[in-house]
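Each reported figure results from applying straightforward, stated rules to the coordinates on display, with no laboratory input. From a predicted model like this one, the values you see are computed outputs, not experimental measurements. Here the Cβ positions follow ideal geometry from the backbone for every residue, glycine too, while neighbour counts run over all protein chains shown.
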Amino acid sequence: MSDAATATYETACTRIEEIIRRLDSGEAGLRETLDLCKEGSRLVEFCAGELDAVAHGLEELRLDELVARLEAGSRPGATAHAA
Amino acid sequence: MADAAPHPDGIPGSRLSGPWPVGDYAAALRDRLRGFKRVQVFGEVFGLKLGRAKVWFELRDSSGALPCSMWRKDWDLLGLDTLGDGAVVVAAGGCDFYPGSRASSPSFSFAVTKLRVAGEGDLLAQVERLRRALAEEGLFEPQKRLPRPSLPRVIGVVSGEGGKARDDVLAGLRRRGWAGTIVWAFAPVQDRHAAPAITRALQDLAACEEVEVIVVARGGGSLADLFAFCDETLCRTVALLRVPVISSVGHHTDRTLIDDVAAVACSTPTHAAEAAVPVDCAAARAQRQRLAGRLERRSRLAIVERARVLARLSRAPADHVERHRTRLRQHARELRATARRRLETSGRHTSTTALVLERKVRAASGAEQVQHARNLERLALALAAHEPQRALERGYALVEDPSGEPVTSAAAVREHAELTLRLHDGTVSVRPQPYGDRS
């Protein structure tokens, strides 16, 4: 798998792991610790959002249904997401 | 060399000609074999060996076999990397014989000048030619360079409508814990209409911006069944799509051209589902919670630990002073104890010295003291002689006023109506009268 194949979710996870390793090392100063915690929380929220986006129930569409839905102006998964 | 060898006599009684030198006979045999009519033969290839100058293999069928050879330059022109045992080929050529020599063995072979892969092998050869052409045009790379989302929300799937591959893809996605949107683009997957239909389905899916990745899935089959997935137009279309395509066509032993041009080639639809959603969503949810917990704990700890350090630092000056105070108290106690001990020692020493001095003084001034005692005694006696009581005993009386004060003049007597006379054996009250009255 190439680097380009790993999208932002995994990048975020990797960064969170890095942040935790840095915090665990005890070498970060207070300001850095606070900044890392803030960044980590933001990334965790991002990951949670990504996971939530594919957790609303598997929806099956045929291609023509997707096209009809797009022509009607609604995005696929929008109904499920709204629910 | 052969000319130098002696020419032996023949076998007695034999009516055959000769004996001839074997080299001459071998050369004649070569010439005769080369004179055979050149033909095409077909059979199955076995034991292909690629040498630097020549290629060797055997051509077999149920009733016989023929050792074959081919110049390497002719073989390379065929564009075949190799041929597996059993591949059916048609070979054109003629008999040849290498006569050998004293240092090398002779060998017979059917010298092949042209060769064509027949049957399924023919299809394979076509596929190989197209594969090489696509590779040379760099069409295997574009798909592999496309970024693939790790958590796609919309996945397009091209498969046969009633095929098992469809169920396998669905099951694979469910096992992944993925619950996004699947867009099915059903197409025939094995007749002559298959390749154009699949191509169209792929183009339609890729035209939808929402579709983030496309899976092309089909179960196993013969090479002829899967040949649609080696279609040149289809493969060129896949190579240039903007959406990453994950192929899962046939079994793991099959290798269709769409596998080469796709971003990822998978051996089963289940694997294709996993490649489409690289993140195991169920595991990722658990991991996210773990990470969030660790981050929150670490964040809290970082503050608490620093607060503790701060508190310790803030206490440090007071602790320092207290330590000094304790040390001072200790020093004071030690000082008092030392002083007391010194005083006691000095006191004892002083007492001893005083006693010694007293003794010395007493010893030195004993005579003088006796003299003083005597003087004192004398003075006491002199004093006693002046005691009023002594005068009273000799017949004198002491006049006292009512308050007990002595009265020592006539004028003072006249001031009092009553006086007291103190004699040596008691007192008597008297009333003074003017001197003229006595008469």
Q: Starting from the Cα of residue A:38, draw a straight line to each of the aspartates and glutamates and keep only those under 16 Å, dropping any in the same chain fewer than 8 residues away.
A: A:17, A:18, A:24, B:296
Q | Of B:272, B:417, B:286, the one that fluctuates the most in a GNM where chain B has Cα springs shorter than 10 Å | A | B:417
**Q.** Subset of B:114/B:144; B:37/B:114; B:54/B:144; B:49/B:114 violating a 26 Å alpha-carbon distance limit
**A.** B:114/B:144; B:54/B:144
Q. If you stretched the chain out fully between residue B:400 and residue B:335, how much longer would it get, using 0.36 nm times the residue separation minus the C-alpha to C-alpha distance?
A. 16.5 nm
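Going highest first, how would you order A:55-68, B:181-194, B:6-19 by mean Cβ packing within 10 Å? Could you put the intermediate results ahead of the total?
Details: A:55-68: 15.6, B:181-194: 19.6, B:6-19: 8.0.
Ranking the peptides A:55-68, B:181-194, B:6-19 by packing returns B:181-194, A:55-68, B:6-19.
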Q. R0 = 25 Å: FRET efficiency of residue A:17 with residue B:319, Cβ-based, nearest 0.05?
A. 0.05
(Q) How much length would be gained if the chain were fully extended between residue B:357 and residue B:192, taking 0.36 nm per residue of separation minus their Cα-Cα distance, in nm to one decimal? (A) 44.9 nm
Q. Once amide H atoms are built 1.01 Å from N in the peptide plane, which residues 5 or more positions from residue B:107, or in another chain, come under 5 Å H to H?
A. B:98, B:100
Q) Measuring from centroid to centroid over Cα atoms, what is the spacing of segment A:16-36 and segment B:52-98 in Å? A) 68
Q: Just grab the label-to-label distance for residue B:11 and residue A:25, each label 7 Å out from Cα along the Cβ direction, in nm (one decimal).
A: 9.2
Q | Partner chain coverage, peptide B:200-207 - average Cβ within 10 angstrom | A | 1
Q: Find the relative contact order for chain B and round it to a whole percent, using C-alpha pairs within less than 8 Å whose residues are 6+ positions apart.
A: 9
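How high is the FRET efficiency from residue B:101 to residue B:42, r the C-beta distance, R0 41 Å, rounded to 0.05?
The computed FRET efficiency comes out at 0.75.
Within 10 Å of each Cβ in B:184-197, how many Cβ atoms from other chains are there, averaged over the peptide?
Details: counts 7, 4, 2, 1, 0, 0, 0, 0, 0, 0, 0, 0, 0, 0.
Whole-number average of other-chain Cβ neighbours for B:184-197 is 1.
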Q | 0 to 90° range, to nearest 10: angle between helix B:281-364 axis and chain B longest Cα axis | A | 30
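Run the helix sum for chain B: -39,500 (n - 2.57) per DSSP H stretch of 4+ residues, divided by residue count, reported at 222 nm to the nearest 500 deg cm²/dmol.
Calculated from helices alone, the mean residue ellipticity at 222 nm is -15500 deg cm²/dmol.
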Q.
Under 12 Å between alpha carbons, and skipping anything fewer than 8 positions from residue B:73 in its own chain: which aspartates and glutamates qualify?
A. none
